[in-house]
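*Asks:* One structure, pasted below without further comment.
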Amino acid sequence: MTKIFMIHGSKGNPNSHWFPWLKQKLESLGQTVFALEFPNPPEQSLDSWMEVFDDYLSKVDEDTIFVGHSLGPSFILSILEKLDLPKPLKACFFVSGFVGGTLGVEGMEEYDEINKSFTDKEFNWSKIKSNCKKFVCFMSDNDPYVPLSRSKELASRLEAEEIVVSDAGHFQEKSGIKEFPQLLNRVKESL
């Protein structure tokens, strides 16, 4: 049985967007799904999120899949850097992920500040890639928060498969995304 960790983004929670739908679909397939809730601003930081995840770190092994949205992928990268696994985990699926500095989106400077501890650092890319067999990055051609070039940059660093979804916005409810069959199908392929 595969353990699937779902990691939300900044100001998010595990009950928003497509998370509840995906969790229900994966559990109906007999998988164990951890849809964790992390601190939001002003308590949001890489350290505060790691404190929450520390209780789960020992559960991560070669039968693990990560699914992250927005800021979630950057957090997952920090988890992968910490792991010393004898075998790499199955897969990571990143949706609107990014790393490095500000996103440069006008009106979103507040997010740049609260995301900084997660994204504005040097990652150990070789260790990250050695701890996961496969990376798949979903991105949208009209994401109002994460420019397509930034998601492509992350995919390039990971040597990940890139899937560009047309008109998906930031893959959230206000973009009309409450279900995400394309993601579900790709996760199912890795079970």
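The values are calculated or read from the model by the stated rules, or taken from the named source; none is laboratory data. From a predicted model like this one, the values you see are computed outputs, not experimental measurements. For neighbour counting, all protein chains shown are included, and Cβ atoms are generated from backbone atoms with ideal geometry for every residue, glycine included. Heavy atoms of the whole protein, side chains included, go into the accessibility calculation; ligands, DNA and RNA do not. Shrake-Rupley method; radii C 1.70, N 1.55, O 1.52, S 1.80 Å.
*Asks:* Only helical DSSP H runs with n ≥ 4 go in: add -39500 (n - 2.57) per run for the chain, normalise by residue count and round the 222 nm mean residue ellipticity to 500 deg cm²/dmol. Display every interim value, and only then the final one.
*Replies:* Numbers: 7 runs with 67 residues, N = 191.
Taken over the chain, the calculation gives -10000 deg cm²/dmol.
*Asks:* When the solvent-accessible surface of protein heavy atoms is calculated with a 1.4 angstrom probe, in what order do 6, 1 fall, highest first?
*Replies:* Details: 6 0, 1 155 Å².
Output order, biggest surface exposure first: 1, 6.
*Asks:* Let me ask another. Pop out the carbon and sulfur fraction of the accessible area of the chain as a percent, whole number, probe 1.4 Å.
*Replies:* Carbon plus sulfur share of accessible area: 45 percent.
*Asks:* Which of the three applies to the range 38-84, rounded, prolate or oblate, going by the alpha-carbon gyration tensor with a ≥ b ≥ c and a/c under 1.5 meaning rounded?
*Replies:* Values: a/c = 2.14, a/b = 1.57, b/c = 1.36.
The shape class here is prolate.
*Asks:* Also: Lys and Arg at +1, Asp and Glu at -1: add these up for the other residues within a Cβ distance under 12 Å of residue 144 and post the number. Let's see the in-between values first.
*Replies:* Numbers: positive: 174; negative: 106, 141, 143, 167.
Here the count lands on -3.
*Asks:* For the range 118-173, rounded, prolate or oblate, judged on the Cα gyration tensor with a ≥ b ≥ c (square roots of eigenvalues), a/c < 1.5 rounded, else prolate if a/b > b/c? Numbers along the way, then the final one.
*Replies:* Working: a/c = 2.53, a/b = 1.72, b/c = 1.47.
Taking the square roots of the gyration eigenvalues as a ≥ b ≥ c, the range 118-173 is prolate.
*Asks:* Please report how many Lys pairs in the range 94-191 have alpha carbons closer than 29 angstrom, counting only residues at least 8 apart along the chain or sitting on separate chains.
*Replies:* Lysine pairs satisfying the spacing and distance rule in the range 94-191 number 26.
*Asks:* I want to check the label-to-label distance for residue 62 and residue 85. Put each point 7 Å from Cα in the C-beta direction and report it in nm to one decimal.
*Replies:* 1.0
*Asks:* Continuing with the same structure: Considering the values (i) 15.1, 44; (ii) 25.4, 99; (iii) 21.7, 77, which represents Rg and Dmax of the Cα atoms in Å as calculated for the structure under consideration?
*Replies:* (i)
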